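Contents: one structure, followed by commentary.
The values are calculated or read from the model by the stated rules, or taken from the named source; none is laboratory data. Keep in mind the model is a prediction, meaning the values are calculated, not measured. Every residue, glycine as well, gets a Cβ built from its backbone with ideal geometry; the counts of neighbours run over all protein chains shown. Surface areas here come from the heavy atoms of the whole protein model, side chains and all, with no ligands, DNA or RNA. Shrake-Rupley method; radii C 1.70, N 1.55, O 1.52, S 1.80 Å.
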Amino acid sequence: LGFLTGYEADVMTQAHVDSVLEIGKPFRATGIYDFGNQDVSSNVRSAIPVMLRHRLTPPPEETYSLHRKLSGAFLLCIKLRARVPCQDLFKDITSKYTFSDGAQLAY
């Protein structure tokens, strides 16, 4: 995707992996995910200094607007203390997707 060059320090790669896993928490949680009682934002925020210190290339330009939208939606859910069946929504949407080779996800 262009976030990493392949020459990053291990700490940088790990910070990205940890952040992606954190962002995925709502979608791994079965049942209702309580955005009012979460630690995702603070965990991701703690990785930012590492990413800024060790990055070899800026993120792809086209991802900035996507990041802002996702961050805004996440922060809004936190502010509203939303309780959302994230995994169910994710599975419902992705189960309807057909890849270019005709394959579909099976849950």
## Note on the structure
Those residues of region 84-107 which are free of Cβ contacts under 8 Å to residues at least 12 places away in the same chain and among the small types (Gly, Ala, Ser) amount to Ser100, Gly102, Ala103, Ala106
### Query
Filter region 23-41 for residues that are of a type in the set (A, V, I, L, M, F, W, C) and closer than 22 Å to Arg68 by Cβ; which is nearest to the chain's Cα centre (by Cα)?
Ile23
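Looking for whichever is open to solvent by 70 Å² or more (accessible area, probe 1.4 Å), not acidic (Asp, Glu) and not in a helix (DSSP H, G or I) here; the options are Arg81, Arg68. Which one fits? Lay out the reasoning, then the answer.
Working: Arg68 fails: not in a helix (DSSP H, G or I).
Within the list Arg81, Arg68, the selection yields Arg81.
Residues are listed down the side, and each one gets a yes or a no for (1) within 17 Å of Leu1 (Cβ to Cβ); (2) of a type in the set (Asp, Glu):
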site: Ser19; (1), (2): yes, no
site: Tyr33; (1), (2): no, no
site: Asn37; (1), (2): no, no
site: Val50; (1), (2): no, no
site: His54; (1), (2): no, no
site: Thr57; (1), (2): yes, no
site: Glu62; (1), (2): yes, yes
site: Leu66; (1), (2): yes, no
site: Lys69; (1), (2): yes, no
### Neighbours by Cβ (under 6 Å, 6+ apart or cross-chain): first from region 33-52, closer than 16 Å to Met12 by Cβ; second at pLDDT 90 or above
Val44/Ser19; Val44/Glu22; Ala47/Ala15; Ala47/Asp18; Ala47/Ser19; Val50/Val11; Val50/Ala15; Met51/Ala15
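Determine whether region 42-50 contains at least one residue that is under 18 Å from the mean Cα position of the chain (by Cα) and exposed (fewer than 10 other Cβ atoms within 10 Å of the Cβ).
We begin by selecting, within region 42-50, every residue under 18 Å from the mean Cα position of the chain (by Cα); these are 42-50.
Checking the rest, the ones that are also exposed (fewer than 10 other Cβ atoms within 10 Å of the Cβ) come to 42.
The answer is yes, given that some residue of region 42-50 is under 18 Å from the mean Cα position of the chain (by Cα) and exposed (fewer than 10 other Cβ atoms within 10 Å of the Cβ).
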### Query
Can you name the condition, by its number, that Thr63 falls short on among (1) open to solvent by less than 50 Å² (accessible area, probe 1.4 Å); (2) more than 14 Å from the chain's Cα centre (by Cα)?
(2)
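If I ask for residues that are free of Cβ contacts under 8 Å to residues at least 40 places away in the same chain, part of a helix (DSSP H, G or I) and either in contact with a His (Cβ under 8 Å, 6 or more places away or on another chain) or open to solvent by 30 Å² or more (accessible area, probe 1.4 Å) (or both), which ones from region 5-21 would you list?
Of all residues in region 5-21, those free of Cβ contacts under 8 Å to residues at least 40 places away in the same chain come to 6, 10, 13-21.
From the residues that got through so far, the ones that are part of a helix (DSSP H, G or I) too are 10, 13-21.
Those that are free of Cβ contacts under 8 Å to residues at least 40 places away in the same chain, part of a helix (DSSP H, G or I) and either in contact with a His (Cβ under 8 Å, 6 or more places away or on another chain) or open to solvent by 30 Å² or more (accessible area, probe 1.4 Å) (or both): Asp10, Thr13, Gln14, Ala15, His16, Val17, Asp18, Val20, Leu21.
Report, by residue number, each residue of region 84-107 that is β-branched (Val, Ile, Thr) and surrounded by 11 or more Cβ atoms within 10 Å (Cβ to Cβ). Let's see the steps before the verdict.
Of all residues in region 84-107, those β-branched (Val, Ile, Thr) come to 84, 93-94, 98.
Answer for region 84-107, where residues must be β-branched (Val, Ile, Thr) and surrounded by 11 or more Cβ atoms within 10 Å (Cβ to Cβ): Val84, Thr94.
If only one of Leu56, Leu75 is part of a loop (DSSP other than H, G, I, E, B) and touching a Ser or Thr at 6+ places or on another chain (Cβ under 8 Å), which one is it? Spell out the reasoning first.
Numbers: Leu75 fails: part of a loop (DSSP other than H, G, I, E, B).
Testing whether each residue is part of a loop (DSSP other than H, G, I, E, B) and touching a Ser or Thr at 6+ places or on another chain (Cβ under 8 Å) leaves just Leu56.
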